[in-house]
1. Tell me, how many Å apart are the Cα centres for region 175-204 and for region 80-135?
2. Applying the Karplus parametrisation 6.51 cos²θ - 1.76 cosθ + 1.60 with θ = phi - 60° to the phi angles of region 98-108, what ³J(HN,Hα) value in whole Hz is obtained for each residue in order, glycine and proline being reported as x?
3. Below 29 Å Cα-Cα, how many Lys pairs turn up in the chain? Only count pairs eight or more apart in sequence, or on different chains, if you could.
4. With all protein chains present and a 1.4 Å probe, how do 314, 328 order by accessible area, largest first?
5. With N set to the number of residues, divide the alpha-carbon radius of gyration of the chain by 2.2 N^0.38 Å and report two decimals.
6. Can you tell me the Rg and the Dmax, both Å, for the Cα atoms in region 173-276?
7. On a 1.4 Å probe surface of the protein chains, which of 438, 391 comes out largest in accessible area, and what is the full order?
8. Is the shape of region 350-440 best called rounded, prolate or oblate, per the rule: a/c under 1.5 gives rounded, else a/b larger than b/c gives prolate, else oblate, with a ≥ b ≥ c the square roots of the Cα gyration tensor eigenvalues?
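The values are calculated or read from the model by the stated rules, or taken from the named source; none is laboratory data. This one's a predicted model, so the numbers in the text were calculated from it and none came from an experiment. Neighbour counts are summed over all protein chains in view; Cβ atoms, including those assigned to glycine, are modelled from backbone coordinates with ideal geometry. Calculation scope for accessible area: heavy atoms of the full protein, side chains included, ligands and nucleic acids excluded. Shrake-Rupley method; radii C 1.70, N 1.55, O 1.52, S 1.80 Å.
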Amino acid sequence: MPQRNDPVESPTAGGLDRRALDYTASIDYDRRLYTYDIAQSIAHARMLAKQGIISTNDAEGIVAGLEEIRGEIERGEFPFRQELEDVHMNIEARLREKVGEAAGRLHTGRSRNDQVATDMRLFTMDACDGAVAAVRRLQSALLDLAEANREVVIPGYTHLQRAQPVLLAHHLLAYFEMLERDAERFADCRRRGDVLPLGSGALAGVPYPVDREFLARELGFSRLADNSIDAVADRDFVVEFIAAAAACLMHLSRLAEEIVLWSSAEFGFVRLPEDFATGSSIMPQKRNPDVAELARARSGRVYGHLVAVLTVLKGLPLAYNRDLQEDKPALFDTVDTLLPTLDVFAAMLPSLRVDAERAAGAAADPSILATDLADYLVRKGLSFREAHRAVADLVRYADSQGKRLSGLALEEYRRFSPLFDDDALRLDVQAALAARDVPGGTSPRQVAAALKRARQRLASNA
Ligand code: ARG
C-alpha cells in the first residue's frame with residue numbers, strides 16, 4: 001500500500017501527491033462517458049488516417065484496440081485506475097497496453113479539452129432524446145387516465161379553495177400541456193447543443209489539416225463549433241439541460257402534490273394502488289403516497305444542480321479551467337433523477353383509482369356555482385361588478401343562516417336581486433361545465449376535442 005502522500009506514477013499526474021490525485025480524479029463518475037469517448041476516438045483515428053496525419057495501419061490498430069476496450073468495459077472487466085485520473089487517460093493507457101506506440105498517435109490534433117467537451121455534448125444530446133421519450137410516455141399515461149375518467153367532475157381550485165367545477169380530464173390535460181413544453185425544451189436544448197467541439201484543441205484550434213466535417217458526420221453532429229475558445233470553455237448546454245429538467249420536475253412536483261392531496265381522506269378523489277403505496281409500520285390503515293412525496297422532494301435536488309453548475313461557470317476566465325470537471329456529477333445526477341421520476345409516474349398514473357362519487361360530492365358544493373349565479377344576473381342585464389356584489393351578499397347571507405345556497409328560497413335570492421327567477425335555483429354543475437364552451441374551456445365538448453387533439457399530437461410525435 002502506498003503511503004497517502006506517496007507521489008503517484010502516471011503520464012499526466014506524474015509525481016502528484018496521492019491526496020491531490022484523490023481530490024482531482026474524476027474516474028469514479030466520468031467513466032460513464034466511455035461509449036462517447038470511444039466513439040469519438042474511433043472517428044478521430046479514422047479522420048487522422050484519411051488526412052494522412054497518421055498511417056492507416058496505426059489507425060486500424062487503434063480502432064481494433066478501442067473496440068476491444070469497449071467490450072472490456074461492457075463486460076465489467078476493464079481495469080479502471082484511479083491514478084490515471086479520468087476516463088480519457090484510462091482508455092488511452094489501456095490502448096497503449098494493447099497496441100503500443102500507435103496509441104500515442106491517437107491524441108494528435110486533439111486535447112482533452114475538446115475531447116471532454118465533445119463527450120459531454122454527445123451525452124447531453126442522448127439525455128435530451130431520452131428525456132423527450134420519457135415525457136411522451138408520461139403524456140400518454142395522463143391521457144389514458146383522462147380518457148378512462150372522461151365524465152368525472154372535480155372542484156377546480158384557486159388558493160386551494162373550491163372555485164368552479166371542472167372535468168378531471170381537463171385538469172389532467174393541463175399537465176399534458178406543461179409536459180408538451182418540457183419536451184420542446186429538451187428538443188430545443190438538443191438542437192442548440194448539437195455542435196462539434198473536436199478540432200478546437202486545447203483552445204486555439206489545431207496545427208494539423210483535420211477534417212472537422214468528417215468528424216461531425218461520423219459522430220452525428222449537425223454543425224461545427226465556430227469558435228475554438230467557446231467550444232472548450234462553455235457548458236451552457238449543461239445549464240440548459242438541467243434547467244429544462246428543473247422545469248419538468250417542477251411540473252411533476254405539482255402533480256405529485258395533487259396526488260398527495262387527492263389520496264388523503266380529506267379529499268378522497270383517488271385511491272393509490274397497493275403496489276404504489278406504502279403502509280405504516282404502526283398504523284395499519286395507512287396507504288402512503290411515498291412515490292409522489294419523493295418526486296416532490298427530488299425536484300429540489302435538481303434545482304440545486306442548476307445553481308451549482310451556474311456557479312461553477314460564473315466568473316470563470318476563458319478558456320478551459322479544471323472547474324469545468326464539476327459539470328459531470330450535476331448533469332449525471334440530474335438525468336438519474338429526471339428519468340426515473342418520469343417513468344414511475346407513467347407507471348403509477350394509469351392504476352390510480354378515481355372515486356368519481358367523492359369527487360362529484362365535492363364539486364356539488366353549491367357555493368362553487370356562485371360565479372355561475374353572477375353570470376346568470378349578467379345575462380339578465382346587470383353589469384358583472386354589480387352581479388358579483390349581489391351574489392357575494394347572497395353567499396354571506398346564506399352563511400349567516402347556516403345554509404347552503406341551494407337551501408335558500410327564491411324570495412331570499414330576490415332580496416339580493418329582483419332579477420333572480422326559478423331557473424336560477426336550477427343551475428347545477430353540469431350546466432356550469434357546459435356553459436364554458438370556449439376553446440380551451442372545460443365544457444365536455446371542448447374537453448373531448450382536446451383529448452382527441454392531444455392523442456393526435458402524441459401520435460405525430462411518435
Ligand atoms: N477530467 C477533465 C474534465 O472533466 C478532462 C479534461 C482535462 N483537461 C485538462 N486540461 N486537465 O474536465
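1. 20 Å
2. Rounded to whole hertz, the list is 8, 10, x, 3, 3, 4, x, 7, 4, 7, 5.
3. On the way: 50/98; 98/328; 314/328; 380/403.
Count of close lysine pairs: 4.
4. Working: 314 155, 328 10 Å².
I get 314, 328, largest accessible area first.
5. Working: Rg = 30.5 Å, N = 462, 2.2 N^0.38 = 22.6 Å.
That ratio works out to 1.35.
6. Computed over the Cα atoms of region 173-276, radius of gyration and Dmax are 21.7, 71 Å.
7. Working: 438 90, 391 5 Å².
Sorted descending by solvent-accessible area, the residues read 438, 391.
8. Numbers: a/c = 2.49, a/b = 1.51, b/c = 1.65.
In terms of gyration-tensor shape, oblate.
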